[in-house]
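S.K.: Shown below is the structure under consideration.
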Amino acid sequence: MFFGIVIRMFYREHGVPHFHAEYQGQVATFTFDGQILAGCIESRTAFRLIQEWATLHSAELEANWFSAKAGEPLERISPLE
């Protein structure tokens, strides 16, 4: 969580590797390079922060995706400051 943005990853999901971001009740799904797959985050600032965070942590996101798929615990990823 950073700047009111909650990031989640669900281990039972299929398809393209992705994470979910929620901000003020709005939810969107993003790829690890920050591209939106589904949903909507209307705040341009929150959207930009999510993209920046994803770009900075894409390798960690990918590692967590494979850990989740293997039923292993996820590593905490640093928030933006």
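S.K.: What is the extension gain from T45 to V6, computed as 0.36 nm multiplied by their sequence separation minus the C-alpha to C-alpha distance, in nm to one decimal?
M.R.: That pair, T45 and V6, stretches by 12.6 nm at full extension.
S.K.: What list of ³J(HN,Hα) couplings, whole Hz, do you get for the stretch 69-81 from phi and the Karplus terms 6.51, -1.76, 1.60, once you set θ to phi - 60° and write x for glycine and proline?
M.R.: Calculated HN-Hα couplings, in order: 4, 8, x, 9, x, 8, 8, 5, 9, 4, x, 6, 10 Hz.
S.K.: Oh, and also: Under 8 Å for C-alpha pairs, at least 6 residues apart: give me the relative contact order for the chain, rounded to a whole percent.
M.R.: Relative contact order comes out at 26 percent.
The numbers here are math on the coordinates, done by the rules we state, and not lab data. What you see is a predicted model; the values in this text were computed from it and never measured.
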